[in-house]
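Each remark here refers to the structure printed beneath this line.
The values are calculated or read from the model by the stated rules, or taken from the named source; none is laboratory data. All of these numbers come straight from a predicted model, not from anything done at the bench. Virtual Cβ from ideal backbone geometry, glycine too; neighbours counted across all protein chains shown. Keep in mind that these areas ignore ligands, DNA and RNA; they rest on the heavy atoms of the full protein, side chains included. Shrake-Rupley method; radii C 1.70, N 1.55, O 1.52, S 1.80 Å.
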Amino acid sequence: MTNDDVPIGRRVARWRVRRSMTQQMLADRLRRSKSWVDKIERGARTLDRYSVIQEVAHVLRVDPEVLLGQPRSTPADPPDGVDDIRAALARYDTPKTPPQTDELRRQIGYAWLTYQHAHYGQLVRVLPGLLDAARGGRSRVLLVQAYRITSSLLVKLGEADLAWLAADRAMSTAGDDPALAASATISVAQALRAQNRDRLALAALLPAANRVLPPATQHGDQEVCGASGDQSCRKPLDHGGGSGGEGQGEHRGRAVGGTLLVQAALAAAGCGEYRRADELTHRAAGIAGSLRGYDDTHRTSFGQVAVELARILVATQRGDAAEALRRHSAVVRREGWRRLPAEYRGAYLVDVARAYLQMGDLRGAARALVDADSVAPAEVRCRPLARTVIADVARAQPASAGVARLATVVGLTR
């Protein structure tokens with residue numbers, strides 16, 4: 001059993017014995033009953049308030065982190081290396097020796113996996129060289145992907161302006177290829193939303209979705225027109241056709257198009273257009289339901305669970321806590337949730353924590369932060385957005401032990 005696995009009550013008992021105290025002596029110094037100390041040490045009573053943990057730690061002459069099972073360490077900070085990425089984006093010369101396409105494809109695949117596993121510190125070190133190699137390569141597809149990975153990481157690290165630049169490079173490189181341009185639009189929208197420019201994101205997303213999801217006659221899904229308002233054209237959005245006649249390329253187009261609709265729904269909610277957000281998630285759900293397995297070439301992680309997560313975030317934005325809680329508790333028990341990349345799940349949980357905080361539900365925000373840290377620690381410890389949420393939750397009285405631990409890990413003071 002590791003130190004992290006030892007219950008906090010047992011740690012209290014160990015340190016009490018080391019300090020040559022009886023349960024009664026500890027109880028007296030804490031101004032509590034011997035029965036209270038006994039229940040804490042046996043685990044019959046939960047010691048989950050940070051203020052109480054601090055009090056016990058003070059009497060036992062140890063740091064609170066020792067009772068929490070967390071070794072003292074230097075505070076977590078966003079990984080260094082953003083300046084190197086900026087320098088790589090500022091270079092316009094191409095390598096004299098172009099890389100082999102197969103090797104470059106392998107490196108791009110490794111970078112995507114690193115991102116999806118939320119190993120951001122490792123990815124920061126890899127990206128400058130990868131950008132140089134991709135620029136010198138002969139594959140427009142791989143160069144778009146390199147720019148998209150870069151943009152996604154920079155959004156995580158709070159460098160939204162630089163992320164927008166990388167996403168714009170992806171758009172320029174994609175040219176007139178509809179699928180590539182649509183995938184690059186996802187990155188553009190994420191960078192814009194990170195700058196709280198939801199209306200601009202919506203203006204980019206809707207035309208891109210309409211281009212990649214041409215009109216058909218199935219399910220009555222309609223093409224969305226314009227960048228604002230609730231007007232819609234009477235043109236279906238989704239591909240039609242039976243279950244067996246579609247190729248893999250069309251499935252990929254649907255996955256990208258569905259992701260564009262999910263992003264558009266979140267942008268619409270950010271603009272306060274909740275009815276439109278609901279319509280967009282409904283259409284995305286129809287597309288997700290039509291997919292029967294596909295190769296996620298553009299790394300969208302699109303599917304029914306992704307749509308459901310968007311619905312939860314829209315509900316929290318709207319202030320409908322009851323619906324959000326009901327949907328959240330159901331979706332995290334689904335098999336599809338566990339199959340999502342760690343980055344995707346961690347980012348969603350940070351967004352949920354922020355939404356709970358906006359609704360005044362500090363317990364919900366604390367649970368979501370602790371869950372996010374268990375799924376993808378870098379999502380919580382490297383992202384400036386997550387650190388802000390931790391600080392806001394940690395200021396609450398009483399702060400939960402889990403949030404207090406996170407506040408210490410990321411270097412925040414209470």
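Points worth noting:
- Among helices (runs of 4 or more DSSP H) entirely within region 110-185, having at least 2 residues that are under 16 Å from A204 (Cβ atoms) singles out 140-156, 160-174.
- Filter pass, A378 being out of contact with any Leu (no Cβ under 9 Å at 6 or more places or on another chain) and free of Cβ contacts under 8 Å to residues at least 12 places away in the same chain: no
- When residues of region 52-68 are limited to those that are open to solvent by 70 Å² or more (accessible area, probe 1.4 Å) and free of Cβ contacts under 8 Å to residues at least 24 places away in the same chain, the one nearest to R18 (Cα to Cα): H58
- Any hit, region 244-254, residues being modelled with pLDDT under 95, open to solvent by 50 Å² or more (accessible area, probe 1.4 Å) and assigned to a loop (DSSP other than H, G, I, E, B): yes
- Residue match in region 128-136 (condition: touching a residue at least 40 places away in the same chain (Cβ under 8 Å) and under 20 Å from G258 (Cβ atoms)): no
- Count of residues meeting criterion [open to solvent by 40 Å² or more (accessible area, probe 1.4 Å) and polar (S, T, N, Q)] in region 306-324: 1
- Any hit, region 194-202, residues being open to solvent by 10 Å² or more (accessible area, probe 1.4 Å), of a type in the set (A, V, I, L, M, F, W, C) and assigned to a helix (DSSP H, G or I): yes
- The one condition in (1) within 29 Å of L406 (Cα to Cα); (2) modelled with pLDDT under 80; (3) assigned to a loop (DSSP other than H, G, I, E, B); (4) of a type outside the set (G, A, S) that T46 fails to fulfil: (2)
- Test: residue in region 355-366 that is of a type in the set (S, T, Y), out of contact with any strand residue (DSSP E or B) (no Cβ under 8 Å at 6 or more places or on another chain), surrounded by 16 or more Cβ atoms within 10 Å (Cβ to Cβ) and assigned to a helix (DSSP H, G or I): yes
- Test: residue in region 80-102 that is hydroxyl-bearing (S, T, Y), in a helix (DSSP H, G or I) and buried (at least 16 other Cβ atoms within 10 Å of the Cβ): no
- Residues of region 265-276 that turn out to be open to solvent by less than 20 Å² (accessible area, probe 1.4 Å) and out of contact with any Ser or Thr (no Cβ under 6 Å at 6 or more places or on another chain), as a count: 4
- In region 27-51, the residues that are surrounded by 16 or more Cβ atoms within 10 Å (Cβ to Cβ) and under 35 Å from the mean Cα position of the chain (by Cα): L47, Y50
- Residue in region 112-130 that is over 19 Å from A378 (Cβ atoms) and surrounded by 21 or more Cβ atoms within 10 Å (Cβ to Cβ) present: no
- Single unsatisfied condition, R333 versus (1) free of Cβ contacts under 8 Å to residues at least 24 places away in the same chain; (2) in contact with a Lys or Arg (Cβ under 8 Å, 6 or more places away or on another chain); (3) surrounded by fewer than 22 Cβ atoms within 10 Å (Cβ to Cβ): (2)
- The listed residue being in contact with a Gly (Cβ under 9 Å, 6 or more places away or on another chain), within 30 Å of L142 (Cβ to Cβ) and modelled with pLDDT under 65, out of L202, L237, L213: L237
- The lone criterion from (1) more than 18 Å from the chain's Cα centre (by Cα); (2) among the charged types (D, E, K, R); (3) surrounded by fewer than 17 Cβ atoms within 10 Å (Cβ to Cβ); (4) assigned to a helix (DSSP H, G or I) left unmet by R338 is number (1).
- In region 385-409, the qualifying residues are those that are open to solvent by 50 Å² or more (accessible area, probe 1.4 Å) and assigned to a helix (DSSP H, G or I), and the one that is nearest to L362 (Cα to Cα) is D392.
- Qualifying residue in region 277-291 (condition: assigned to a loop (DSSP other than H, G, I, E, B) and buried (at least 22 other Cβ atoms within 10 Å of the Cβ)): no
- Residue count for region 292-305, restricted to those that are on the phi < 0 side of the Ramachandran plot and open to solvent by 20 Å² or more (accessible area, probe 1.4 Å): 7
- Residue pairs meeting the criteria (Cβ under 8 Å; at least 6 apart or on separate chains; first at pLDDT below 90 and of a type in the set (A, V, I, L, M, F, W, C), in region 360-373; second open to solvent by less than 60 Å² (accessible area, probe 1.4 Å) and in a loop (DSSP other than H, G, I, E, B)): L362/A396
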